[in-house]
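**Student:** Here you go, one structure.
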Amino acid sequence: MPYLRFKGFPTDVLRTIAPRVVEEFAHIVNISNEKVKMESLVTEAITQVPLSVEILMFPRKQEVHDAAASMLNRLLQEQGYDNIHIFFVILDPKVYYKNGEPLATPSQAYAPSGKTPYQGIT
């Protein structure tokens with residue numbers, strides 16, 4: 001976890017850049033490479049939609065979000081893509097369940113400093 005979901009990009013391009021995306025994203029977010037998940041979402045556009053990257057993850061400091069978005073934009077621009085929409089869907093560990101159990105209880109506070117007080121949250 002986190003999940004990086006790409007919409008509108010050819011899968012072969014994503015496979016080409018995946019090793020760099022995973023390595024650089026993991027470094028920026030301070031997690032192991034194995035925790036970074038990449039997906040190519042196949043959708044059917046009803047109206048005109050931009051190329052986009054949706055990132056689902058637990059909260060981090062603003063600087064971390066900024067650095068991750070900048071890195072993704074740079075790597076995609078190197079592949080010839082411009083005007084990419086990159087956005088984060090911030091997950092709450094109190095309503096994120098693993099095996100039916102929340103990762104955090106309502107009384108626990110999440111620390112977006114990069115050091116999490118919960119088991120299993122990255």
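The values are calculated or read from the model by the stated rules, or taken from the named source; none is laboratory data. Remember, predicted model here, so these are calculated numbers, not experimental data. Neighbour counts run over all protein chains shown; Cβ positions are idealised from the backbone, glycine included. Side chains are part of the model used for accessible areas, which takes the heavy atoms of the whole protein and leaves out ligands, DNA and RNA. Shrake-Rupley method; radii C 1.70, N 1.55, O 1.52, S 1.80 Å.
**Student:** At a 10 angstrom cut-off on C-beta neighbours, averaged per residue, how do the peptides 63-74, 41-52 rank from highest to lowest?
**Tutor:** 63-74, 41-52
**Student:** Viscosity 0.890 mPa s, temperature 25 °C: give me the Stokes-Einstein translational D for the chain in µm²/s, with Rh taken as the Kirkwood radius over C-alpha pairs.
**Tutor:** Here the translational diffusion coefficient equals 159 µm²/s.
**Student:** Peptides 21-27, 90-96: what's the order by average Cβ count within 10 Å, highest mean first?
**Tutor:** Most protected by this proxy first, the peptides run 21-27, 90-96.
**Student:** Return the aspartates and glutamates within reach of Lys35: Cα separation strictly under 14 angstrom, same-chain partners fewer than 8 residues apart disregarded; answer none if there are no such residues.
**Tutor:** Glu23, Glu24
**Student:** I'd like the per residue volume of the convex hull spanned by the Cα atoms of segment 36-83, given in cubic angstrom.
**Tutor:** It is 114 Å³ per residue.
**Student:** Would you work out what percent of the accessible area of the chain, with all protein chains in place, is carbon or sulfur (probe 1.4 Å)?
**Tutor:** Accessible surface attributable to carbon and sulfur in the chain totals 50 percent.
**Student:** Further question on the same structure: Considering Cα pairs under 8 angstrom that are at least six residues apart, work out the relative contact order of segment 22-102 and quote it in whole percent.
**Tutor:** Relative contact order comes out at 34 percent.
**Student:** Report the full-extension gain for the segment Thr16 to Leu41: residue separation times 0.36 nm, less the Cα-Cα distance, to one decimal in nm.
**Tutor:** Here the answer is 7.4 nm.
**Student:** I would also like to ask the following. Determine the per residue accessible area of the chain with all protein chains present and a 1.4 angstrom probe, expressed in square angstrom.
**Tutor:** 61
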